[in-house]
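Undergrad: Have a look at the structure that comes next, please.
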Amino acid sequence: MNYDEFQRQLGKAGLTIREFAALIKMNRNSVTNYAKSGEVPSHLAVIAALLGEMAERKIDFRAALSKIEIEPKKPRGGGNTGRFGGIKQDDLFINGEKEKSQ
């Protein structure tokens, strides 16, 4: 789905990009970044299309979504702070000296 159609579907649902991102526990910038490529990933396109269709048919999608425990998406690269390749930097040293390659 192209980004314009994505926005149109959200508009049908009465949602802004910010509200959509909050609803599905995504960072707003992660959603708006798709405008650069002009295409939205299929999983977000499906959600937007369903929300637009539900709103058009007067089905309260907010009530339906409130029954689902949505886990916030973890930021990419999170959890490896201070590590290179997942290895602590001080693990590269043996007895305080840099390990020599053989």
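Undergrad: Report, please, the projected area of the range 1-83 averaged over directions, based on the convex hull of its C-alpha atoms, in nm².
TA: 6.1 nm²
Undergrad: So how compact is the range 6-45: Cα radius of gyration and Dmax in angstrom?
TA: 9.4, 24
Undergrad: For a protection proxy built on the mean count of beta-carbon atoms within 10 angstrom, sort 31-37, 58-64 highest first, please. Mind dumping the intermediate values first?
TA: Values: 31-37: 13.4, 58-64: 11.7.
By packing density, highest mean first, the sequence is 31-37, 58-64.
Read-outs throughout are calculated quantities, based only on the coordinates presented, and are distinct from any laboratory measurement. Because the structure is a prediction, the values reported are computed rather than measured. Please note: Cβ atoms are built from the backbone with ideal geometry, for glycine as well, and neighbour counts cover all protein chains shown.
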